[in-house]
Amino acid sequence: MERSMIAELGQKIDQTVKVSGWLQVLRDQKSMQFLVLRDRTGMVQVAHWKKGNLELAEQISLLGTESALTVVGKVVENAAVKLGGLEIQLEELIVENAAEIPMPFEPYGDTLPNTDFRMDWRYLDMRRAEPQLIFKVQTTLEMAAREFWIENDFMEIHSPKIMGTPSESGAELFEMTYFDRIAYLAQSPQFYKQMGIAAGFDRVFEIGPVFRADPSFTSRHMTEFTGLDFEMAWINDHHDVMDFIERWLHYIYQQVKDKHGDEINELLGVDLVVPEVPFPRISMLEAIEIVKESGYELPVEKVNDLDPGGERAIAKYVKEKFGHDFVFITDWPISARPFYHMRKPEQPELTRSFDLLASGLEICTGAQREHRYDMLMKQAQELGLNTDPMVHYLSFFKYGCPPHGGMGMGLSRLLMVLLDLQNIREAVFLFRGPNRLHP
């Protein structure tokens with residue numbers, strides 16, 4: 001007999017079915033036993049009369065919640081049952097794996113332990129309906145992102161994550177021994193995306209792992225995360241990239257809302273709003289003034305940058321003025337950007353770059369890249385960079401590389417914003433941070 005999913009049982013009244021799942025509740029009464037069985041599609045009540053099989057009744061009475069079970073029985077209508085008005089009359093029980101008693105914590109208990117403890121038992125934590133929904137949304141999000149890229153003539157690439165030179169800067173690098181020399185885990189697929197442009201691919205994207213040796217202990221940082229990256233050629237400036245991002249995000253949000261909007265509202269209390277296009281755009285110089293006028297004082301080290309408090313101040317201003325949750329902060333000073341960002345011809349102290357803030361959280365950085373070899377060399381030398389380790393990267397621009405730009409975005413940060421999650425640990429299958437390597 002094939003397994004039936006619980007959500008299908010309404011179409012199988014008076015039929016004998018086989019259902020597999022986890023024991024969520026056991027009510028052991030004088031003459032009856034009721035088991036609430038859960039699979040990924042829902043819950044069903046299973047009824048057993050003790051006198052019909054005393055040996056089975058004894059076996060059931062010893063079961064712990066979250067035991068993995070398979071039951072066989074007849075589906076019958078029962079208006080008194082809250083779970084869909086039906087139940088299964090138990091005929092056969094197979095204990096696939098009995099849960100030990102007591103459990104570290106009850107996923108469906110009245111209270112939950114703190115986040116770090118639940119991370120120790122992440123597989124139990126993810127049995128709850130809320131994490132299950134988060135990862136269903138993630139699946140839809142990635143599918144929608146790919147669909148939009150492919151419909152717009154992008155090609156997918158898979159770049160190496162073991163590199164001979166740093167992929168961004170000398171900071172936040174994981175160094176490793178690679179046979180007889182030193183290698184690094186990739187901080188970004190940036191250089192390889194640009195190689196795809198130089199190769200004539202025109203438009204490329206990648207969904208893949210990113211590694212940052214960032215000793216931050218915040219609710220939004222990780223040392224390993226999944227990046228959503230793309231690069232596009234033959235652009236006029238960074239506004240072409242921003243135009244694409246906002247249409248891409250509008251499509252993603254719409255797909256998630258269409259498929260999961262009701263469930264997101266029911267389980268997470270979030271009324272998902274699809275962002276209107278275009279998004280507001282504010283230059284970095286304007287943003288600094290807005291933060292000052294809000295009364296927030298940026299730290300001294302953030303003189304040409306924004307800290308989380310500054311980002312929240314901008315978000316408040318944008319929400320009040322534009323009624324929008326997204327805003328691009330554009331035209332960052334060269335001191336806050338890598339050497340390969342293109343500078344504005346009319347204002348060479350500024351770059352054709354941007355960050356995207358969503359509900360006060362930075363989720364994306366992008367720019368038009370400098371595609372001219374002589375200008376790249378000049379900008380690297382002005383910053384005092386040693387170009388010898390970058391010889392392979394710089395060679396991409398010697399033989400006809402077109403104008404191009406792109407962005408990098410963290411998948412989990414996008415999920416945080418989309419679902420209004422308070423901690424990035426909830427938005428990733430297994431979290432990696434400075435103090436966590438297990439499970």
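Taken over segment 392-407, residues that are surrounded by fewer than 22 Cβ atoms within 10 Å (Cβ to Cβ) and outside any loop (DSSP other than H, G, I, E, B) amount to 6.
Mind telling me which of the residues Pro278, Pro215 ends up being open to solvent by 70 Å² or more (accessible area, probe 1.4 Å), at pLDDT 95 or above and either farther than 30 Å from Thr115 by Cα or not aromatic (Phe, Trp, Tyr) (or both)?
Pro278
Can you pull out the residues in segment 327-378 that are part of a loop (DSSP other than H, G, I, E, B), of a type in the set (Ser, Thr, Tyr) and open to solvent by less than 10 Å² (accessible area, probe 1.4 Å)? Passing the criteria: only Tyr340. Within the set Leu383, Leu430, the sole residue that is open to solvent by 30 Å² or more (accessible area, probe 1.4 Å), closer than 21 Å to Arg352 by Cα, among the hydrophobic types (A, V, I, L, M, F, W, C) and touching a residue at least 24 places away in the same chain (Cβ under 8 Å) turns out to be Leu383. All conditions in (1) open to solvent by 20 Å² or more (accessible area, probe 1.4 Å); (2) of a type in the set (Val, Ile, Thr); (3) in a loop (DSSP other than H, G, I, E, B) hold for Thr139, with the sole exception of (3). Scanning segment 5-61 for residues that are more than 12 Å from Val71 (Cα to Cα) and small (Gly, Ala, Ser) yields Ala7, Gly10, Ser31, Gly42, Gly52, Ala57, Ser61. Of the residues in segment 257-273, none is in contact with a His (Cβ under 8 Å, 6 or more places away or on another chain) and at positive phi.
Looking for whichever is part of a loop (DSSP other than H, G, I, E, B), surrounded by 12 or more Cβ atoms within 10 Å (Cβ to Cβ) and of a type in the set (Phe, Trp, Tyr) here; the options are Phe191, Phe201. Which one fits? Phe201 is the lone residue from the list that is part of a loop (DSSP other than H, G, I, E, B), surrounded by 12 or more Cβ atoms within 10 Å (Cβ to Cβ) and of a type in the set (Phe, Trp, Tyr).
Here is a yes/no grid of residues against (1) touching a helix residue (DSSP H, G or I) at 6+ places or on another chain (Cβ under 9 Å); (2) not aliphatic (A, V, I, L, M):
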{"residue": "Gly269", "(1), (2)": "no, yes"}
{"residue": "Tyr296", "(1), (2)": "yes, yes"}
{"residue": "Gly310", "(1), (2)": "yes, yes"}
{"residue": "Ala315", "(1), (2)": "no, no"}
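For segment 303-318, the set of residues classified as under 15 Å from Ile363 (Cα atoms), in a helix (DSSP H, G or I) and not small (Gly, Ala, Ser) consists of Pro308, Glu311, Arg312, Ile314, listed by residue number.
The values are calculated or read from the model by the stated rules, or taken from the named source; none is laboratory data. Just so we're clear, the structure is a prediction, and the values are computed from it rather than from any experiment. With ideal geometry, Cβ positions are generated from the backbone for all residues, glycine too; neighbour counts draw on all protein chains shown. For the accessible areas, the whole protein counts, side chains as well, though only heavy atoms, and no ligand, DNA or RNA atoms are used. Shrake-Rupley method; radii C 1.70, N 1.55, O 1.52, S 1.80 Å.
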